[in-house]
C-alpha cells in the first residue's frame, strides 16, 4: 500500500461518495429545516462549528453609517447553515430598550468569489437571526470550500455598539491528512 501526503484540502465535491447505482455521492439530512448534503463515504465525518466576527465602537473603522469589513476564513470544507447576530450599547445598555438590536446595524455577506449572499446591505433584522430564531440559509445551505472566505459588511446605525455575528457551519472532515495510493 502506498501512502501519500495530502497537500491540499479536498473540495466539498471531492468528498462525495463514489456515486454508484446503489449509493448516491451525497444524501440530505435535516439541520434545522435547512437540509445540507451529507457524503455517503463512510470515512467523512461532520461537526458543527461557530465562526464569528465582531465590530466594536472602539475599532478604528467604526463610524456610524459607514460599513466596517470583517473577513472570515474557512480552512476546512463546510456548509453555512445560518447567520445570527446581536448588538448592545456599550455605554448605556438601556439605551436600546424598545429597539430590536438587529435594527441597529446593516448587514451584508459576500463569498470570496464575489458571489453576494446578500445582494445589498440590509437591516440585520431582515436577514440575520438570533440564537432563539436562527437566520437560516435554507435549502441545502451554502458551501464553503477550503481556502475560501466570507466578506462580512457591518454598518452601525448608532454610536457605542458592540455588534457580534455568528455563522453556524457544518464542517466536513476526511479521515486524516494522508490517502492510500491508488
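Of all the residues in the range 156-172, those that are farther than 16 Å from residue 81 by Cα and surrounded by fewer than 21 Cβ atoms within 10 Å (Cβ to Cβ) number 6.
Within the range 103-115, being buried (at least 17 other Cβ atoms within 10 Å of the Cβ) and under 16 Å from the mean Cα position of the chain (by Cα) holds for 107, 108, 109, 110, 111. Scanning for something part of a loop (DSSP other than H, G, I, E, B), touching a strand residue (DSSP E or B) at 6+ places or on another chain (Cβ under 8 Å), at pLDDT below 90 and within 27 Å of residue 58 (Cα to Cα), does the range 130-150 turn up at least one residue? Checked against the condition, which is being part of a loop (DSSP other than H, G, I, E, B), touching a strand residue (DSSP E or B) at 6+ places or on another chain (Cβ under 8 Å), at pLDDT below 90 and within 27 Å of residue 58 (Cα to Cα), the range 130-150 yields at least one hit. Scanning the range 38-49 for residues that are surrounded by 15 or more Cβ atoms within 10 Å (Cβ to Cβ) and out of contact with any helix residue (DSSP H, G or I) (no Cβ under 6 Å at 6 or more places or on another chain) yields 38, 40, 41, 46.
The single residue among 52, 85, 13 that is buried (at least 18 other Cβ atoms within 10 Å of the Cβ) and closer than 17 Å to residue 142 by Cβ turns out to be 85.
Condition test on residue 118, is it touching a strand residue (DSSP E or B) at 6+ places or on another chain (Cβ under 8 Å), without any contact (Cβ under 8 Å) to a residue 40 or more places away in the chain and surrounded by 15 or more Cβ atoms within 10 Å (Cβ to Cβ)? Yes.
Take residues that are within 30 Å of residue 161 (Cα to Cα) and tell me which of the strands (runs of 3 or more DSSP E) falling wholly in the range 25-78 contain 1 or more.
Values: elements: 26-28, 37-39, 45-56, 68-74.
Result: 45-56, 68-74.
Residue selection: residue 100 satisfies the criterion of being in contact with a helix residue (DSSP H, G or I) (Cβ under 6 Å, 6 or more places away or on another chain), modelled with pLDDT under 95 and surrounded by fewer than 20 Cβ atoms within 10 Å (Cβ to Cβ). State whether the residues of the range 26-37 include one that is farther than 24 Å from residue 134 by Cβ and exposed (fewer than 12 other Cβ atoms within 10 Å of the Cβ). There is no residue in the range 26-37 that is farther than 24 Å from residue 134 by Cβ and exposed (fewer than 12 other Cβ atoms within 10 Å of the Cβ).
Would you say residue 181 is farther than 30 Å from residue 57 by Cβ, exposed (fewer than 15 other Cβ atoms within 10 Å of the Cβ) and at pLDDT 90 or above? So residue 181 does not fit the description; no.
The values are calculated or read from the model by the stated rules, or taken from the named source; none is laboratory data. Computed from a predicted structure; not experimentally measured. Neighbour counts run over all protein chains shown; Cβ positions are idealised from the backbone, glycine included.
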